């Protein structure tokens with residue numbers, strides 16, 4: 001291929017991608033899952049012991065993350081990353097809520113879960129449920145969780161999904177991200193979801 | 001600064017570098033910190049260990065007065081699942097550096113007395129050759 005032809009082709013590609021961008025083809029730094037996962041739906045228990053449903057959380061962009069409070073490494077890493085992302089979002093962060101769903105209801109009492117979630121910011125809400133409720137929610141988003149064998153002290157690890165699911169203000173699934181993304185990348189994508197929600 | 005005033009410092013540096021008391025082979029441990037979390041659950045501890053010797057270094061345990069138990073752990077992600085593995089030893093190759101950081105290698109620490117954000121706590125790291133290093137870990141907030 002001669003160089004002028006190559007340059008012309010590259011130029012054409014640029015024009016095409018610009019045209020796509022102008023037509024609303026947004027670029028995402030994390031994973032866009034619009035239309036690929038079901039809307040947010042669950043029955044769980046909040047940290048006051050009340051039964052709550054997804055509808056109670058409508059009207060905000062919701063981030064859904066599964067974890068447990070005896071998790072000293074990855075859960076706080078993920079929640080701290082979300083906290084930095086909300087900080088980067090500035091005033092728009094008030095339109096975002098973080099649902100931290102404990103898949104360890106045996107150890108995570110409402111009080112413990114409340115304190116753990118709130119340690120990362122006012123938008124962080126602790127939720128948990130019965131095994132049936134937690135399994136229904138996990139299956140809905142094609143993730144799972146499992147418990148390790150208890151040690152001599154009765155401590156056990158919980159294997160859980162790394163994914164942070166993002167739902168827009170209408171409850172439609174929009175993004176999957178995780179702690180390996182920078183807060184800048186997560187804020188970029190959340191801003192696009194917030195802008196689209198108006 | 002006049003050159004003359006530098007001399008005592010230089011002399012001290014020269015003495016220290018020749019002194020057998022400063023074992024060039026002892027591991028250098030930096031950036032030691034612990035993430036505080038509310039409640040009584042375990043905490044994660046992090047540091048960077050640089051093995052300055054020409055032999056592999058094997059970290060086999062840790063202990064500290066504020067903690068009833070400390071384990072060596074590693075977080076791994078398998079098929080989108082976060083798992084945590086308990087390790088009995090971690091090898092740092094000769095001349096190598098190993099970073100204990102969130103989402104990877106870490107200490108898992110069970111509190112026996114409360115620790116406060118901003119404090120420093122002593123933790124003794126034990127190696128297979130019988131050597132140990134006491135390091136001050138800074139307690140940081142939940143968001144790091």
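Would you tally the residues in region A:154-180 being out of contact with any strand residue (DSSP E or B) (no Cβ under 9 Å at 6 or more places or on another chain) and buried (at least 17 other Cβ atoms within 10 Å of the Cβ)?
1
Restricting to region A:93-104, count the residues that are in contact with a strand residue (DSSP E or B) (Cβ under 9 Å, 6 or more places away or on another chain) and surrounded by fewer than 20 Cβ atoms within 10 Å (Cβ to Cβ). Steps first, please.
First, the residues of region A:93-104 that are in contact with a strand residue (DSSP E or B) (Cβ under 9 Å, 6 or more places away or on another chain): A:95-104.
From what's left, surrounded by fewer than 20 Cβ atoms within 10 Å (Cβ to Cβ): A:95, A:97.
Selection size over region A:93-104: 2.
Could you identify the single residue in B:73, B:86 that is free of Cβ contacts under 8 Å to residues at least 24 places away in the same chain and within 12 Å of chain A (Cβ to nearest Cβ)? Walk me through how you get there before you give the answer.
Details: B:73 fails: free of Cβ contacts under 8 Å to residues at least 24 places away in the same chain.
Going through B:73, B:86 in turn, just one is free of Cβ contacts under 8 Å to residues at least 24 places away in the same chain and within 12 Å of chain A (Cβ to nearest Cβ): B:86.
Can you tell me which residues in region B:22-46 are within 14 Å of chain A (Cβ to nearest Cβ) and under 15 Å from the mean Cα position of the chain (by Cα)? Lay out the reasoning, then the answer.
Within region B:22-46, the subset within 14 Å of chain A (Cβ to nearest Cβ) is B:33-46.
B:33, B:34, B:35, B:43, B:44, B:45, B:46 - these are the residues of region B:22-46 that are within 14 Å of chain A (Cβ to nearest Cβ) and under 15 Å from the mean Cα position of the chain (by Cα).
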The listed residue being within 12 Å of chain A (Cβ to nearest Cβ) and over 17 Å from residue A:155 (Cβ atoms), out of B:66, B:143, B:56: B:143
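Among the candidates B:78, B:115, which residue alone is under 30 Å from residue A:126 (Cα atoms) and at pLDDT below 95? It would help to see each step written out before you state the result.
Numbers: B:115 fails: at pLDDT below 95.
So the residue among B:78, B:115 that is under 30 Å from residue A:126 (Cα atoms) and at pLDDT below 95 is B:78.
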Against the conditions (1) out of contact with any helix residue (DSSP H, G or I) (no Cβ under 8 Å at 6 or more places or on another chain); (2) more than 26 Å from residue A:156 (Cα to Cα); (3) assigned to a loop (DSSP other than H, G, I, E, B), where does residue A:107 fall short? Just the number, please. (2)
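Return yes or no: is residue A:55 outside any strand (DSSP E or B) and either more than 10 Å from every other protein chain (Cβ to nearest Cβ) or in contact with a helix residue (DSSP H, G or I) (Cβ under 8 Å, 6 or more places away or on another chain) (or both)? Reasoning before the result, please.
Numbers: outside any strand (DSSP E or B): yes; either more than 10 Å from every other protein chain (Cβ to nearest Cβ) or in contact with a helix residue (DSSP H, G or I) (Cβ under 8 Å, 6 or more places away or on another chain) (or both): yes.
So residue A:55 passes the test.
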So residue A:121 ticks every box in (1) within 12 Å of chain B (Cβ to nearest Cβ); (2) part of a loop (DSSP other than H, G, I, E, B); (3) surrounded by fewer than 17 Cβ atoms within 10 Å (Cβ to Cβ) but one. Which box is left unticked? (3)
So how many residues does region A:58-93 have that are more than 14 Å from chain B (Cβ to nearest Cβ) and either in contact (Cβ under 8 Å) with a residue 60 or more places away in the chain or in a loop (DSSP other than H, G, I, E, B) (or both)? 9
Over region B:111-144, the set of residues touching a residue at least 60 places away in the same chain (Cβ under 8 Å), surrounded by fewer than 14 Cβ atoms within 10 Å (Cβ to Cβ) and closer than 17 Å to residue B:67 by Cα is B:116, B:117, B:136, B:138
Out of the strands (runs of 3 or more DSSP E) lying entirely within region A:133-190, which hold 3 or more residues that are away from chain B (no Cβ under 14 Å)? A:173-177
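The values are calculated or read from the model by the stated rules, or taken from the named source; none is laboratory data. Predicted, not measured: the structure shown is a model, and the values here were computed from it. Note that each Cβ is placed from the backbone with ideal geometry, even for glycine, and that neighbours are counted across all protein chains shown.
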